[in-house]
Amino acid sequence: MDNLFGLTVEALGEKCVALNIPAYRGKQIAEWMYRKGAASFDVMTNLSKALRADMARSFSIVRAKCVERWDSSDGKTSKFLLEFPDGVAVETVLMRQPYGNSVCISTQAGCAMGCAFCASTLHGVTRNLTAREMLDEVLFIDEMLRIEEQKVDTMVLMGSGEPMMNYENVLTFLRLVHAPYCLNMGYRNVSVSTSGIVPGIERLAEEGLPVTLSISLHAPDDELRSTLMPINQKYGVCEVVAAGRAYAEKTKRRVTYEYILIRGVNDREKDAKALAALLRGQLANVNLIPINPVVERNWARPTTEEIQKFCRALERLHVAATVRQEMGADIQAACGQLRNRRLEEGGGDFD
Ligand code: SF4
């Protein structure tokens, strides 16, 4: 049966017209599904009983199932493994921040980009997520928060997957979430993270959506960055930073450069100087992320003093920098880890 969940008002209107139902009913159905969490036509009480029965004969509302949940011991981070009807599962994370509830969305099941520090890429990419599936992720959490009279305030596309490799679906999703009949979320409350897919950055700059762009840089030169991020062989540091600068100029939005700090690898004074030289004068800030130790690679996390030293060095060189507050380390909040565990236990979507 035709699943209506995830369709725009316009598409819902067309579905209605095909059944000889007036198109304006599409808006009512959208509000029931997206604002009131309706999982069946039965509850749509501003539709006549006959109409509800007609709808139920032709259409369905199919949602993802939450198959696992983990909560951090401080209660601030919750991670959910959501399974779609074809058995593919992705992780979605809720972070209760001082400034509001933030949700981290996966845009692909797995990831093909091969970043050396990332668990999401270990099994490659299974498939792109549809706009419907990404909407399911954020609505799942928003519906949960509604019970506490709260809502999702901000959203980061920073879970599994490279959003720019699933561009069309991501843009459809962002427009849907922004729509007044859906979550009515301001674009300024959305961050899109990329490993540095330059054509995607350029395309996003032309969309006229004031979303925040977040670029995973992680190293200030090509030699080092290529060892951490294979995509650097295609889009090198200078090209990526130039695309970030152009994005900031076009959108007037500050670009965030993500920088994982690995002790002795990219946290040296010369790295801070090279990074500052790249970004100085840009509408940009650096988000420093101390790495969780990766035993297989012998990578260690810098000490608190070393982290602060790196941060101060950037600031001295006139580059704004912050250290990301760590959340949910005790529930493996780094993207991909939970999904991998499930795959390795044989419960996954690779069979
Ligand atoms: S860091 Fe992002 S782009 Fe890189 S492998 Fe992980 S999910 Fe993919």
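Any read-out appearing in this document is the output of simple, stated calculations on the displayed coordinates, not a laboratory observation. This structure is a prediction, so every number in the text was calculated from the model and none was measured. Note: ideal-geometry Cβ built from the backbone for every residue, glycine included; neighbour counts use all protein chains shown.
Before moving on, here are some points about what is shown:
- Relative to the dominant Cα principal axis of the chain, helix 269-279 is inclined by about 50°.
- The Cα center of the range 129-201 and the Cα center of the range 215-272 differ in position by 24 Å.
- Global size of the range 2-60: 9.9, 25 Å for Rg and Dmax (C-alpha atoms, Rg to one decimal, Dmax whole).
- Fewest neighbouring Cβ atoms within 10 Å first, the residues V286, V90, V17 line up as V17, V286, V90.
- Peptides 60-67, 175-182 ordered by packing proxy, namely the average of other Cβ atoms within 10 Å per residue, highest first: 175-182, 60-67.
- Listed cross-link partners K27/K250; K27/K151; K79/K151; K76/K273; K79/K309; K79/K234 are compared with a 24 Å cut-off, the Cα-Cα value being larger for K27/K250; K76/K273; K79/K309; K79/K234.
- Degrees separating the helix 131-146 axis from the principal Cα axis of the chain, which is the longest one: 90
- Percent of Cα-Cα distances greater than 25 Å, calculated over the chain: 55
- Here H318, H123, H218 are placed in order of increasing Cβ neighbour count within 10 Å, fewest first, which gives H318, H123, H218.
- Full extension of the chain between V17 and I147 gives 43.4 nm of extra length, using 0.36 nm per residue less the Cα-Cα distance.
- Cα centroid separation, the range 80-102 to the range 296-324 (Å): 28
- Once the Cα atoms are used to define both axes, helix 25-34 deviates from the longest principal axis of the chain by about 50 degrees.
- For the range 152-239, fraction of C-alpha pairs farther apart than 20 Å, in %: 38
- Adding -39500 (n - 2.57) for every DSSP H run of four residues or longer, then dividing by how many residues the chain holds, sets the calculated 222 nm ellipticity at -10500 deg cm²/dmol.
- Residues L157, L217, sorted so that the one with the fewest Cβ neighbours within 10 Å comes first: L157, L217
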